[in-house]
Structures are given as structure tokens and as C-alpha cells.
1. Restricting attention to segment 218-229, which residues are open to solvent by less than 10 Å² (accessible area, probe 1.4 Å) and closer than 16 Å to ILE417 by Cα?
2. Kindly indicate whether any position in segment 328-339 is within 24 Å of the chain's Cα centre (by Cα) and part of a helix (DSSP H, G or I).
3. Somewhere in segment 169-189, is a residue farther than 22 Å from LEU286 by Cβ, in contact (Cβ under 8 Å) with a residue 40 or more places away in the chain and in contact with a helix residue (DSSP H, G or I) (Cβ under 8 Å, 6 or more places away or on another chain)?
4. Could you grab the pairs with beta carbons closer than 7 Å, sequence gap of 6+ or different chains, first residue in segment 105-125 and more than 19 Å from MET362 (Cβ to Cβ), second one at pLDDT below 95 and loosely packed, with under 14 Cβ neighbours inside 10 Å?
5. Any residue in segment 396-407 that is over 18 Å from PHE223 (Cα atoms), hydrophobic (A, V, I, L, M, F, W, C), open to solvent by 70 Å² or more (accessible area, probe 1.4 Å) and modelled with pLDDT of 95 or more?
6. What are the pairs, 6+ residues apart or on separate chains, where a residue within segment 84-100 that is assigned to a helix (DSSP H, G or I) has its Cβ under 6 Å from a residue that is β-branched (Val, Ile, Thr)?
7. Which of the residues that make up segment 347-390 are assigned to a helix (DSSP H, G or I) and closer than 18 Å to THR100 by Cα?
8. Could you tell me whether segment 272-289 includes any residue that is under 25 Å from THR350 (Cα atoms) and open to solvent by less than 30 Å² (accessible area, probe 1.4 Å)?
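The values are calculated or read from the model by the stated rules, or taken from the named source; none is laboratory data. Since this is a predicted model, take the numbers as computed values, not measurements. FYI the Cβ positions are ideal-geometry reconstructions off the backbone, even for glycines, and counts take in every protein chain you see. Surface areas here come from the heavy atoms of the whole protein model, side chains and all, with no ligands, DNA or RNA. Shrake-Rupley method; radii C 1.70, N 1.55, O 1.52, S 1.80 Å.
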Amino acid sequence: MADSRKYISSEELKNHNKPGDLWISIQGKVYDVSDWVKEHPGGDFPLLNLAGQDVTDAFVAFHPATAWKYLDKFFKGFYLKDYSVSEVSKDYRRLVSEFTKMGLFEKKGHVCLLTMFLMTMLFSLSVYGILYCHGVLAHLISGGLMGCLWIQSGWIGHDSGHYQVMSTRGFNRFAQVLTGNCLAGISIAWWKWNHNAHHIACNSLEYDPDLQHMPFFVVSSKFFDSLTSYFYDRKMNFDSFTRFLVSHQHWTFYPVMCLARINLFAQSFILLLSNKNVPHRVQELLGVVSFWIWYPLLVSFLPNWGERIIFVLASFTVTGIQHVQFCLNHFSSEIYVAPLKGNDWFEKQTNGSLDISCPSWMDWFHGGLQFQIEHHLFPRLPRCQLRKVSPFVKDLCKKHGLPYSCVSFWKSNVLTISTLRAAALQARDLTKPVPKNLVWEAVNTHG
């Protein structure tokens with residue numbers, strides 16, 4: 001019996017990759033997501049930058065089985081004529097299916113409850129230290145406790161952005177806004193916009209915002225060519241001011257990380273006050289504004305400006321540990337400059353990520369991100385399950401000759417500093433001219 005299906009080739013599909021004309025393929029079926037891009041919960045970045053190709057692995061990674069039933073309304077009636085699946089992708093999808101059958105995506109444990117309890121204790125102790133204790137040391141410790149609170153709120157915000165940590169979507173949203181916007185001053189909308197792009201474009205110099213930290217840091221001399229950021233939609237100019245900062249980046253890395261939270265505060269307001277489509281904008285703004293009411297008010301109860309500065313610096317410095325952790329997982333891993341592709345998902349995530357070995361009793365410290373490879377491959381997987389699936393990922397990497405990089409916390413710091421130092425020494429090569437100094441780029445930098 002003749003096949004009555006209508007087919008298009010991969011080359012024809014590539015033509016539908018522009019705003020207003022966005023087609024994707026999932027398991028060989030072609031879908032038109034041109035209008036859906038405005039409502040997509042994961043933001044417009046994944047659809048805009050993966051359109052025109054098969055995105056099955058990315059779809060499988062980010063969407064539960066219940067999402068498949070919604071695809072039919074986007075079906076164009078076409079099938080991909082030359083659709084094929086690599087052996088790596090077959091094994092990856094098989095793992096996702098097995099983990100689903102095992103119920104791992106639904107078994108969240110009591111991590112969220114315990115973290116919330118810990119945050120309540122940290123907040124209470126910090127406030128008690130300010131209001132009822134006297135002396136510089138007591139207030140220094142209170143600042144450190146506030147920093148620990150922000151770290152734990154970061155883990156909750158991270159988890160709740162990937163999967164439902166609470167019993168309902170409403171409670172999940174409440175947890176996001178409370179722990180992120182209200183307690184930490186970081187917009188969860190900004191985090192999801194930024195972080196989804198990072199997952200989709202893991203270690204792409206042009207697309208991954210988590211590697212775009214000019215003028216302060218670069219992880220590769222490729223940035224010296226003033227690459228274009230397709231996330232921020234601007235050119236990242238490598239001028240003489242940037243060269244000066246980058247040439248010392250291996251010395252300034254840890255000090256800058258102590259103040260990195262300032263950038264997150266700024267990025268939150270930049271997004272919320274922009275003309276971009278931001279879900280729950282008013283709610284997000286109210287949450288962030290509430291932080292800027294209670295935090296300065298709490299600091300004002302300290303007896304003098306010296307102790308106020310000590311408290312703020314202590315809270316920022318302690319939470320800087322988390323900013324360092326975010327960098328350790330990717331700065332020293334493989335990077336690339338090329339358009340995003342949807343058919344090398346497993347390879348890109350393993351090549352661009354680094355695991356950090358630690359005993360199970362230290363999992364609370366890393367928030368699950370010590371299993372960065374596993375997290376990138378299965379972003380919906382609760383952090384309490386990452387250690388369990390690690391052996392499966394190792395075996396799959398070994399089977400297909402792919403790297404599975406795992407080092408100690410100390411070694412990951414050494415590798416990161418070595419990467420920064422290598423780029424710094426290359427930046428000091430004055431035989432390579434740079435454009436005229438653009439101070440505006442430094443003042444208005446994003447990322």
C-alpha cells in the first residue's frame with residue numbers, strides 16, 4: 001500500500017528558521033511553532049535558535065511525557081524524509097524512558113522541605129544576631145548566615161525552575177517567588193530566561209550567557225575576535241579596557257565572585273524593566289522590590305556604618321561560593337563557536353560539563369550541581385536522584401567514547417584558574433591590536 005504521507009527534506013526544513021516562520025521536527029514529524037514562541041514556558045530562545053532542524057533530544061530532556069499530547073495542534077502534516085537517529089541518541093532516549101518507568105522524575109524526596117527548614121533557621125539566626133547580639137564578630141557571623149541563606153535559596157530557585165518541587169504549580173510558583181525574588185532579590189523570570197539558554201547552548205561562546213562575562217572574564221582567546229552574543233543580541237567588543245581586565249582575570253576571579261551578586265541584581269531589573277515578554281512581570285517586580293525593602297531595613301538596625309558594610313560584605317562574600325560553583329562546572333570544559341544544532345545533544349552536554357566528586361553527605365553544599373553532566377542530560381531529574389543515575393551515564397559515555405569528566409572540588413578550582421590564566425597570558429600579547437577603548441561597554445555590560 002502506497003505511503004500517503006507528505007514529506008520534506010532536512011534542507012527544506014532549514015528554511016523555516018526565522019521569526020514568524022519557525023518549524024521544528026520531533027521524531028520525524030514537523031511542527032509549526034511560529035505562534036507558540038510567544039507563549040513557550042521555556043522562553044523564545046530555544047525555539048528561535050533550534051528552529052529548522054530536528055530537536056527530539058532537547059524536547060525529551062525538557063518535557064515530561066504529558067507534553068507529547070499537546071504537539072498535535074502544531075503538526076503541519078509533513079514528515080521528515082531523511083530523518084535518522086544516531087546510536088548515541090537512541091541510547092539517550094532509552095535512558096530517559098527507563099528513568100521515567102522507574103518513576104525517578106517524580107521521586108523528589110524531602111529535599112525542598114529540608115531546605116526550606118534550613119533557610120528558616122538561617123534567616124531567624126541572622127535576624128536575631130542583628131537585633132539582639134552586640135559586637136562586630138556577631139554581626140559578621142550574621143552576615144555569613146545571610147549568605148548561606150541566599151545559597152540555599154539559589155538551590156531551591158534552580159530546582160523549581162526545572163521541575164515542580166511543590167505539590168502543585170501554584171505552590172511551586174510561590175516557592176520560586178519567595179525564595180528567589182523576595183528573599184534573595186533575584187528575579188526567577190530572569191533566571192529561567194538565562195538558565196534555559198545556558199542548557200540549550202551549553203558552552204557555546206556565542207549563545208551561552210554563562211560564558212559571556214566580558215569585560216571581566218573570558219575562557220578562550222576566541223573572545224578576542226569580538227564575537228557576537230546571540231543571547232544579548234550585541235557585539236562583545238574586546239577593547240583595550242577589556243584586555244587590561246582579562247589579562248589579570250586569574251587574580252581577580254575570586255574577588256569578583258564575592259561581588260557577583262550585584263550583577264544578578266542588575267540583570268533582574270534590566271529584564272523586568274525591559275520591553276521583553278516577561279511572564280508575571282508585576283508579581284516579579286513586587287517580589288524583587290520587597291527584597292529591597294526588608295534587606296536595607298534589616299541592615300539599618302546595625303549600630304554604625306562600619307558594621308553595616310561588614311554585614312553586607314560578609315553576606316555577599318559567602319554567597320560568592322555559589323557563584324564560583326557555577327563557574328567550576330563549565331569554565332574549563334570544551335567550548336565551541338558554531339550555530340546551535342539539535343542532533344548532538346548528548347555529545348554537547350557531556351563535552352561542555354564537569355562533575356565534581358564528593359561524598360554523599362556533602363551533597364547539600366553543591367545543591368546537586370556536582371553532578372553537572374547528569375543534570376544537563378536530565379534537567380527535570382530531582383537532585384536527590386542524580387547520584388543514582390550517575391553510573392548509567394558513565395557507562396553510556398564509555399560505550400560511545402565520550403568524555404565523562406569528574407574531579408575533586410580542589411582540582412576543579414585549579415582547572416578553572418588555569419583556563420583563566422591561559423587566556424590572560426594570551427591577552428597580554430600586545431602584538432595583537434584591539435579597537436579603541438570603549439568604556440561604555442564596561443559600564444553597560446550584560447552577562
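1. Scanning segment 218-229 gives a single hit, VAL218.
2. Among the residues of segment 328-339, at least one is within 24 Å of the chain's Cα centre (by Cα) and part of a helix (DSSP H, G or I), which makes the answer yes.
3. Taking every residue of segment 169-189 in turn, none turns out to be farther than 22 Å from LEU286 by Cβ, in contact (Cβ under 8 Å) with a residue 40 or more places away in the chain and in contact with a helix residue (DSSP H, G or I) (Cβ under 8 Å, 6 or more places away or on another chain).
4. PHE105/PRO64
5. No: segment 396-407 contains no residue that is over 18 Å from PHE223 (Cα atoms), hydrophobic (A, V, I, L, M, F, W, C), open to solvent by 70 Å² or more (accessible area, probe 1.4 Å) and modelled with pLDDT of 95 or more.
6. ARG93/VAL60; VAL96/VAL60
7. Selection gives GLU374, HIS375, HIS376, LEU377, ARG383, CYS384, GLN385, LEU386, ARG387, LYS388, VAL389, SER390.
8. no
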